[in-house]
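Following: one structure in structure tokens, then a few remarks.
The numbers here are math on the coordinates, done by the rules we state, and not lab data. The structure presented is a predicted model; accordingly, all values stated were derived computationally and were not measured. Here the Cβ is made from the backbone with ideal geometry for all residues, glycine too, and neighbour counts use every protein chain on show.
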Amino acid sequence: MSDVNAAADKRNKDDNWLLYHWITAGIVSASERFIPIPFVDDVVRDRCRRRIVSKTLVAHGQGERLAEFGAYYGNESSGCLTGLLTSAGKVPLKLLLFPVRKFVAIVTSVRGVPLEVTRSVLLGRTLHRILAKGESPGASQVAEMRSAFEQAFARIDLRTVRAVISDALRRVSSWKSAAIGSAREMARGDDAPGDDIVAASQVQAGATEVQSALQQPEILNLFSEFDDRFDLALSELRNRPSTV
């Protein structure tokens, strides 16, 4: 019985550590909207999401498979020559629109910051659930996971969790400037998805506050609803008639 309890205690500790990591990554990722430098926002967001997936895979002993999950956490064109050429062609337009896009991002930060944190948590949580079932998704299954995730994320009402995360972050002074500093360090540093995110103490405090707030019953119920929506969307994608 003690062995069972010890195993359950270890799982809880591992789950709590993963949740803390997802939240920290989400806070740093969300802060990219306040950095007035073109393309840094994309770099920070992509690296944060890659680290979410990397840490989750490592927790399941599958860290070497990170490259196989690019379609789940990255741009749809990630790793594709056509996608690279398309992105290169959009560079002048992105530079031209950057001031407008940055202004909108800052104005909508009250909604956008907690939404990015929520997305980060659900991104990690969903992969964690899939791997915990013993599944080993291949390339096509990973793409279906991404599609199912986007469908579930778009269809669920996240106003409650956004409000809870906003309230939690308001209890930590200077978290925003600290997160911006952490984001800049991430953008300047090496892309090491297997490493922990080096975050300032205020970011760590913010992550702790958010982690505690997310344990509220209504938030746990909301996440369970998201799980159900994701599972349904994934089942529909997997069972759709073949067009070949």
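Could you state the principal axis extents of the C-alpha atoms in segment 128-188, from the largest down, to the nearest angstrom?
On the principal axes, segment 128-188 reaches 43, 34, 21 Å in Cα extent.
Which peptide among 150-156, 180-186 comes first, and what is the full order, when sorted by highest mean count of other Cβ atoms within 10 Å?
In descending order of packing, they fall as 180-186, 150-156.
Answer with one residue from 204, 216, 233: the one whose Cα lies farthest towards the positive end of the charge dipole of segment 198-244, charges on Cβ with Lys, Arg +1 and Asp, Glu -1.
The listed residue farthest towards the positive side: 233.
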